[in-house]
Amino acid sequence: VSRMRQWTADVETAPSLLLVGRPGVGKTSMMHVVRSILFSHLSPGEESRSVMSLNASDKRGPAFVSHTLDAFVRTSKVEKARVKLVILDELDRMDAKGQERLASLIDASTATWFCGMCNHLELVAASLQSRLRAEMFSAVGTACMVARMSHIATSVGSISCSKVKLPLLKYIASVSRG
């Protein structure tokens, strides 16, 4: 959370990011929070002109990067927005030529902040890795998860986290694998 606050406070000068970690550790959720912090004051139309969010199911080869993404980056940012944001989920599934073109686009961009997320850092081109600051995400420990779930359950009044419920919370934490 402290890193997220730093990213959003210094977004105009902060290096673009590459969030790395196994599936389910919160990389995409973190970027949704960052997006909300940066753009919640904009109208829906202004936000759509300020953010481009893509995942592995979208076409993201070199032609897409050269045309669609390049056009988005080159348009002027919305006056009330501090930056434009490009979110690329599952960046490790983008083909090599698309990654190379993206690296060039990052170099040419001045008012766009890029954030890629990946599960396998070794599948991201070195040229792209050198332009993005890698932030490693890991699973949350069982004790932290149990404490947080207990707090949430108690605060919403759904259960009292007695000794009977504690094994259930530990089980949920263990099957979620962080």
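The values are calculated or read from the model by the stated rules, or taken from the named source; none is laboratory data. What you are looking at is a predicted structure, and each value in this text was computed from that prediction instead of being measured. We place every Cβ from the backbone using ideal geometry, glycine too, and count neighbours over all the protein chains shown. The area values use the complete protein model at the heavy-atom level, side chains included, leaving out ligands, DNA and RNA. Shrake-Rupley method; radii C 1.70, N 1.55, O 1.52, S 1.80 Å.
Values for this structure:
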read-out: Estimated FRET transfer efficiency when R0 is 41 angstrom, pair SER150-LYS80 (beta carbons, to 0.05); value: 0.50
read-out: Surface per residue (accessible, 1.4 Å probe) for the chain, Å²; value: 55 Å²
read-out: Net lengthening on full extension, ALA111/ARG5 (0.36 nm per residue, minus Cα-Cα); value: 36.2 nm
read-out: Most mobile of ASP58, ASP107, ASP95 in a GNM of the chain (Cα contacts under 10 Å); value: ASP107
read-out: By average C-beta atoms within 10 angstrom, highest first, the peptides 143-156, 15-28; value: 15-28, 143-156
read-out: Hydrodynamic radius (Kirkwood) for the stretch 63-141, which is based on Cα pairs only, to one decimal in Å; value: 13.4 Å
read-out: Exposure rank, largest accessible area first [PHE39, PHE64; 1.4 Å]; value: PHE64, PHE39
read-out: Distant alpha-carbon pairs in the stretch 7-149 (separation over 27 angstrom), percent; value: 20 percent
read-out: Gained length - ILE172 relative to MET136, 0.36 nm times residue gap less alpha-carbon distance; value: 10.6 nm
read-out: Accessible-area ranking of ARG101, ARG93, largest first, probe 1.4 Å; value: ARG93, ARG101
read-out: Portion, in percent, of the accessible area of the stretch 15-61 that falls on carbon or sulfur, probe 1.4 Å; value: 56 percent
